[in-house]
Amino acid sequence: MVNKKVIDTLYRQFSRPPKSSDELNLSLLFDYAVENHGIFLDEEYLYIGSVDPKSPFAMIPLRRIHEIVEFEKVIAIILPAAIIFLNKENSDVNVHLRMDMDEPAPSLWERFKSLLSTRKATVCEQHG
C-alpha cells in the first residue's frame, strides 16, 4: 500500500536521477502501463496518453525521472517534486506533489538554537 511514509521514503531514496536513462526500469511501463495508459517513449521524453495533453505530466523528460517503481496496484514514476502513479489495471492516474520543497532545510545554527530552546524549556518546566 502506498501511504505518506512510503511516498516520503521514495523521495528520500531516489533523490537523484540515474547517470543515464538506460538505468531506469522502463520495462515496468511496457509490462503494465502500455495498454491502459498509452505509454510512448522516444530518446528524450516519456509520453503518457492517459494524462490530459495540457498537463505538465503528459510529457516528461527522461532526464527528470529519478526512478520507476512497481507496487501491487500501481507503477510509480518518481520525479524531483512529484510522483506519478499509474494504475496497473485501468487508466487511472494519480499525482503526488511534493509541497515541502519550498521550505529550506534549517541551517546547523537554527537546529542548534532550536535544541537549546527545547532543553531550556524542559529545564524550566522541571524546576518551575
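Report in % the part of the accessible area of region 7-99 that belongs to carbon and sulfur, leaving out ligands and nucleic acids; probe 1.4 Å.
Values: 2640 of 5550 Å².
C and S fraction of accessible area: 48 percent.
Once phi is turned into ³J(HN,Hα) by the Karplus curve 6.51 cos²θ - 1.76 cosθ + 1.60 with θ = phi - 60°, what whole-Hz value does each residue of region 75-87 show in order, with x for glycine and proline?
My calculation for region 75-87 gives 10, 9, 10, 8, 10, x, 10, 7, 10, 9, 10, 9, 5 Hz in order.
Which far-off residues, 5 or more places away or on another chain, put their amide H under 5 Å from the one on residue 74, with H placed in the peptide plane?
88
Under 14 Å from the Cα of residue 4, which aspartates and glutamates turn up, not counting those fewer than eight places away in the same chain?
Here the aspartates and glutamates satisfying the reach criterion relative to residue 4 are 100.
Give me, ordered by chain and number, the residues 5 or more places off residue 14 or on other chains with an amide H under 5 Å from its own placed amide H.
Hits under the 5 Å cutoff: none.
What residues have an amide H closer than 5 Å to that of residue 67, excluding those fewer than 5 places away on the same chain, when H is modeled at 1.01 Å from N in the peptide plane?
Sorted by chain and number, the residues that satisfy this are 78.
Which whole-Hz ³J(HN,Hα) couplings does region 15-29 yield from phi under the Karplus relation 6.51 cos²θ - 1.76 cosθ + 1.60, θ = phi - 60°, glycine and proline marked x?
Whole-Hz 3J(HN,Hα) from phi for region 15-29: 7, 10, x, x, 4, 9, 5, 5, 7, 6, 7, 5, 4, 4, 5.
The values are calculated or read from the model by the stated rules, or taken from the named source; none is laboratory data. Keep in mind that what you see is a predicted model, and the values were worked out from it rather than measured. Remember, those area values only see protein heavy atoms, side chains included, never the ligands or the DNA or RNA. Shrake-Rupley method; radii C 1.70, N 1.55, O 1.52, S 1.80 Å.
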